[in-house]
1. Given the Cα-Cα distance of residue 300 and residue 95 and 0.36 nm per residue of separation, how much length would full extension add, in nm?
2. State, to one decimal in nm, how far the label point of residue 287 lies from the label point of residue 31, with both points 7 Å from Cα in the Cβ direction.
3. Run the quick spin-label model on residue 76 and residue 50: label points 7 Å from Cα toward the beta carbon, then report their separation in nm to one decimal.
4. For the residues 294, 289, what sequence is obtained by ranking on other C-beta atoms within 10 Å, fewest first?
5. Taking the beta-carbon count within 10 Å as an exposure proxy, list 1, 173 from fewest neighbours to most.
6. Can you list, largest first and rounded to whole Å, the semi-axes you get for segment 1-82 by taking the square root of 5 times each eigenvalue of its Cα gyration tensor?
7. FRET efficiency for residue 20 and residue 102, Cβ-Cβ distance as r, R0 = 35 Å, nearest 0.05?
8. Residue 83 to residue 143: FRET efficiency via 1/(1 + (r/R0)^6), r the Cβ-Cβ distance, R0 22 Å, to the nearest 0.05?
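Bear in mind these aren't lab numbers, they're just calculated from the coordinates by the rules spelled out. Being a predicted model, the structure only gives us computed values, none of them experimental. Cβ coordinates were reconstructed from backbone atoms using ideal geometry, including for glycine residues, and neighbour counts include every protein chain displayed.
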């Protein structure tokens, strides 16, 4: 079973809380994720003074020793004749072979308010050193209008119809995974990785309880938290657990909120899975220089069923 470590991170063009754009600092935070596939949002490429006209995608690739692909959602004319175009959008960093890549602009809803910037999805097919292939989508949905996010999800689903195998979507969705505008993802077979891991953990606990093999019986795990916290009034304990879950700090549950980074209250950065791929761990990263926290997961490609073509086989 092939293992991949994937992450999503909105980097806010490298701008930190100290109002400095520091790509080496940011590269250190990305390296600490220990991921081999990272989707980035809000990446500047020769965009302007705010990021010193740097090609941030290429520079991060150099600093991390990784391959990089960039997709421009915003593509503006140069500031002067002969200068490069000013671009802003999505990037993919990876240690694996990149077989194909393409940037697709996503639609706005015709009945929605004027959007502040175009949105897109960067699609790449990667080949693991073990030969398995995985389709990776990186996106950043509209931050203001639910109508636009709804239309943009439909654009992603139309693209995904052309992907026959397993796929992962790495995104700043600007909405909680349970939001109505993201419902079409679940309805078409996509799974929120964090929720998927949480359900697996809950089912495991349920089976252990039913079989009488919970902690303390056939297990080296510590006693249940409730047993260790009986002196805490139930109302206070519930409030504390809720706050910890929002902040992504309750290690007994799936990771939670990612934004704003200083004290997260919204889970808008997420990993979505489709097809024969499962997540065994999902973690929200610590506060870094961005106003978002990263999300990183270890995922496994399931072996194809007997008789099915190998995912690494050359396609005609």
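1. On the way: separation 205, 0.36 × 205 = 73.80 nm, distance 1.64 nm.
Taking 0.36 nm per residue and subtracting the Cα distance, the gain is 72.2 nm.
2. Using points 7 Å along Cα→Cβ, the separation is 2.4 nm.
3. 0.8
4. Numbers: 294 26, 289 20.
Ranking 294, 289 by Cβ neighbours within 10 Å, fewest first, gives 289, 294.
5. By the 10 Å Cβ count, ascending: 1, 173.
6. Sorted largest first and rounded, they come to 25, 15, 11 Å.
7. That pair, residue 20 with residue 102, gives E of 0.55.
8. Between residue 83 and residue 143 the formula returns 0.15.
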